[in-house]
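**Q** I have a structure here, written as structure tokens, and I will follow up with some questions on it.
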Amino acid sequence: MLPSAPFTFELLRRRLLQAASQRVCNGDFTERGLARLIDVSQPHLHNILKGRKSLSPEIGDALLLGLSLSLLDLLTPAELGLALLDHQPAPSFSRLVPVLNGRLGPDDPFPDWRSISQWFRASSSLLTHARRPALVECAPDPENTLFPPPSFALLDHDDSARLHASPSSWFALRWRGA
């Protein structure tokens, strides 16, 4: 689904104020406690949250810090995904592939697909069959010298990858978290 409006400072400002108001309504903070945290008076914060006073960049930064948010947290996952896709070079040349935190191996927990350490640009020709690819470091395995460290595995998290198994492929199985 495409975002209904372009990314603007106004959109981010509104979402930051919504996030702050929601955290106050949920009881995570009181207005007074949040105001103390960001070093403004409670009436001033109240007026900002109600839209009677404008949000300065300094107070916006303080709110982000106080709420433990970044500007990226104010965007939906769909908006972030579309922004990444919009800024990739033409798909015929390369794609961005996430590099997952953790290692793939017998004594390590299975890497979390939501925990990305960095992005790697890979040739699209290497990823022709991968729909949801990710790279992960292979942990040393004393019983297998086929993959000497440091080696990386390209995983595909798409269901069709496991439903249409190829005899020339290797498979990583997650079983009971490992």
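The values are calculated or read from the model by the stated rules, or taken from the named source; none is laboratory data. The structure displayed is predicted, hence computed values, not measured ones. For neighbour counting, all protein chains shown are included, and Cβ atoms are generated from backbone atoms with ideal geometry for every residue, glycine included. These accessible areas exclude ligands, DNA and RNA; they are computed on the full protein's heavy atoms, side chains included. Shrake-Rupley method; radii C 1.70, N 1.55, O 1.52, S 1.80 Å.
**Q** Using per-residue counts of other Cβ atoms within 10 Å, averaged over each peptide, order 31-41, 130-140, 67-77 from highest down.
**A** 130-140, 31-41, 67-77
**Q** If each residue of separation counts as 0.36 nm, what is the full-extension length gain between Arg131 and Leu65 once their alpha-carbon separation is subtracted?
**A** Here the segment from Arg131 to Leu65 would lengthen by 20.2 nm.
**Q** Same structure again: Considering only protein heavy atoms, what per residue accessible area in square angstrom results for segment 21-128 with a 1.4 angstrom probe?
**A** Heavy-atom SASA per residue in segment 21-128 reads 64 Å².
**Q** What distance in nm lies between label points placed 7 Å from Cα along the C-beta direction at Asp158 and Asp108?
**A** Taking the two extended label points, one gets 2.5 nm.
**Q** Can you pull the Rg over Rh of segment 95-145, Cα-only, Kirkwood?
**A** Radius of gyration relative to Kirkwood radius: 1.02.
**Q** Another question about this same structure. R0 = 35 Å: FRET efficiency of Leu96 with Gln22, Cβ-based, nearest 0.05?
**A** E(calc), rounded to 0.05, equals 0.65.
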